[in-house]
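A.B. asks: Structure below; questions to follow.
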Amino acid sequence: MSKNTFPFTQVTISNQLGRSIKSPIHVSNLETLGIDSKLFLDKYTPLFAELPWDPYDARRLRLEFLKNKFPQDADAIQEDFANYFTGKISLDHFEKWITQLKGKDVEAFEKIQPWRRRSVAQFALNKRQGKYFITRQPVPQFAQNLDDSDFRSLPRVFEEAPEHHIENHLFSTFLIRIYKLVQELRPDCKATVTAHFMSVKATEAAPGDNSPEGAHEDGADYIVSALVVNRINLNGGESQILEKLEDGTKEIIFKHTLQPGEFIFQADTGEELTYGNDLWHHVTPFSIADASQGEGWRDIIGFDISLTDAED
């Protein structure tokens, strides 16, 4: 996909597929939104190194490691998974298994460290008398509406983004431009927008992965699955939009490796009832391009957009 095709929409995809996709899709870049891409990227490029580490993936993998090494005790280890994953107990609780690790297993276990930095911020957006208003709100804990056996159903708490990451004209303008896209679909609506700042590392030993759960929905009305800010020493990281078909299979209907300043906006959850197409999204793992250059990083801002009627 070339820059000249922006914006790339569900109409473009329909024409390529030879069948109708009605659920909203808008692939574009900052310039097309009327935002100076250089100013935005210059502002945000260095900020991702300030993000705190996300501990949850490492916690999950550490206990998976112990269960694989001590299958006879897997049930006992799993019994305390939820408390460890949510931070109620520390890794010391599993010391009796950790101390039994020998040789290369000790080294492998110690290498299980966080590889994703993350912070969040939430905003209420509305339009009154022709003016747009943005109000920052506290971010509640996250828990996806999934079966209790799925670790993503457990509550997670992420650090909130500092003021200098979100209180500036460039960020506010992006929020309003995305809100305008939503208002073209739902003219009389208010929006709650949760921004996710994420920085994911790739090394020579381990690829980076923004979506270890595979193709998924986020549970919002609409999303910006990723506004890419940095791609540093990377191969891969292809963004995909999929449609879940009536037989339960998922077909990739669009794919593109987003470059800095590019983003994907799409309908996310329940849109099949409104528009007729059940859209999901995914990003493929990515590896370092040049081992001599050290680590690779993919830095993005994602946005979950939930709507209420203006009169609510």
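A.B. asks: Which residue out of Val200, Val193 is in contact with a strand residue (DSSP E or B) (Cβ under 8 Å, 6 or more places away or on another chain), assigned by TED's automatic domain parsing to the domain that holds Pro46 and within 21 Å of Gly34 (Cα to Cα)?
C.D. replies: Values: Val200 fails: within 21 Å of Gly34 (Cα to Cα).
Answer to the check: Val193.
A.B. asks: Continuing with the same structure: Would you mind stating whether Ser23 is in contact (Cβ under 8 Å) with a residue 12 or more places away in the chain, under 21 Å from the mean Cα position of the chain (by Cα) and assigned to a loop (DSSP other than H, G, I, E, B)?
C.D. replies: Criteria met by Ser23.
A.B. asks: Looking at (1) exposed (fewer than 14 other Cβ atoms within 10 Å of the Cβ); (2) in contact (Cβ under 8 Å) with a residue 24 or more places away in the chain, which is the one condition that is false for Phe94?
C.D. replies: Just one mismatch for Phe94, condition (1).
A.B. asks: Please give the strands (runs of 3 or more DSSP E) falling wholly within the range 236-291 in which 1 or more residues are over 25 Å from Phe171 (Cα atoms) and of a type outside the set (A, V, I, L, M). Before you say what the answer is, go through the steps one by one.
C.D. replies: Details: elements: 239-244, 250-256, 262-267, 278-283, 286-288.
Counting at least 1 such residues, we get 239-244, 250-256, 278-283, 286-288.
A.B. asks: OK, next. What is the residue count in the range 37-84 for residues that are free of Cβ contacts under 8 Å to residues at least 40 places away in the same chain and of a type in the set (Gly, Ala, Ser)?
C.D. replies: Going through the range 37-84 one residue at a time, the tally reaches 2.
A.B. asks: Right, Asp299: more than 19 Å from Trp115 (Cα to Cα) and among the charged types (D, E, K, R) or not?
C.D. replies: On the way: more than 19 Å from Trp115 (Cα to Cα): no; among the charged types (D, E, K, R): yes.
It is false that Asp299 is more than 19 Å from Trp115 (Cα to Cα) and among the charged types (D, E, K, R).
A.B. asks: Which condition number in (1) in contact with a Phe, Trp or Tyr (Cβ under 7 Å, 6 or more places away or on another chain); (2) within 20 Å of Lys201 (Cα to Cα) is the one that Ile223 fails?
C.D. replies: Among (1) in contact with a Phe, Trp or Tyr (Cβ under 7 Å, 6 or more places away or on another chain); (2) within 20 Å of Lys201 (Cα to Cα), the lone unmet condition for Ile223 is (2).
A.B. asks: Same structure, new question: Condition first: crowded, with 16+ Cβ neighbours inside 10 Å and either at pLDDT 95 or above or among the small types (Gly, Ala, Ser) (or both). Now tell me which residues in the range 133-158 satisfy that.
C.D. replies: Within the range 133-158, Ile134 is the sole residue that qualifies.
A.B. asks: OK, next. What residue, among those in the range 192-228 that are of a type in the set (A, V, I, L, M, F, W, C) and more than 13 Å from the chain's Cα centre (by Cα), is farthest from Phe171 (Cα to Cα)?
C.D. replies: Within the range 192-228, the first condition is being of a type in the set (A, V, I, L, M, F, W, C), and the residues that meet it are 193, 195, 197-198, 200, 202, 205-206, 215, 220, 223-224, 226-228.
Subset that is more than 13 Å from the chain's Cα centre (by Cα): 193, 202, 205-206.
Numbers: Val193: 12, Ala202: 27, Ala205: 35, Ala206: 32 Å.
Across the range 192-228, the extreme among qualifying residues is Ala205.
A.B. asks: Separate question: Criterion first (touching a helix residue (DSSP H, G or I) at 6+ places or on another chain (Cβ under 6 Å) and either at pLDDT below 95 or not in a loop (DSSP other than H, G, I, E, B) (or both)) does Glu204 satisfy it?
C.D. replies: Taking the combined requirement at face value, the residue satisfies it.
A.B. asks: So if I check each of Glu243, Glu272, which one is farther than 16 Å from Leu185 by Cβ and in contact with a Lys or Arg (Cβ under 9 Å, 6 or more places away or on another chain)? Show your work before the answer.
C.D. replies: Working: Glu272 fails: farther than 16 Å from Leu185 by Cβ.
Criteria check complete, one pass: Glu243.
A.B. asks: Can you tell me which residue within the range 292-312, out of those that are acidic (Asp, Glu) and part of a strand (DSSP E or B), is surrounded by the fewest Cβ atoms within 10 Å (Cβ to Cβ)?
C.D. replies: Among those that are acidic (Asp, Glu) and part of a strand (DSSP E or B), it is Asp309.
A.B. asks: Still on this model: Condition first: at pLDDT 95 or above and among the polar types (S, T, N, Q). Now tell me which residues in the range 207-236 satisfy that.
C.D. replies: Residues satisfying the conditions are Ser225, Asn230, Asn233, Asn235.
A.B. asks: For the condition under 30 Å from Ile300 (Cα atoms), of a type outside the set (A, V, I, L, M, F, W, C) and buried (at least 16 other Cβ atoms within 10 Å of the Cβ), what is the one hit in Lys38, Lys43?
C.D. replies: Going through Lys38, Lys43 in turn, just one is under 30 Å from Ile300 (Cα atoms), of a type outside the set (A, V, I, L, M, F, W, C) and buried (at least 16 other Cβ atoms within 10 Å of the Cβ): Lys43.
A.B. asks: Further question: With Thr249, Thr257 as the choices, which residue is hydroxyl-bearing (Ser, Thr, Tyr), within 17 Å of Arg298 (Cα to Cα) and free of Cβ contacts under 8 Å to residues at least 24 places away in the same chain?
C.D. replies: Numbers: Thr249 fails: within 17 Å of Arg298 (Cα to Cα).
Going through Thr249, Thr257 in turn, the sole match is Thr257.
The values are calculated or read from the model by the stated rules, or taken from the named source; none is laboratory data. Being a predicted model, the structure only gives us computed values, none of them experimental. With ideal geometry, Cβ positions are generated from the backbone for all residues, glycine too; neighbour counts draw on all protein chains shown.
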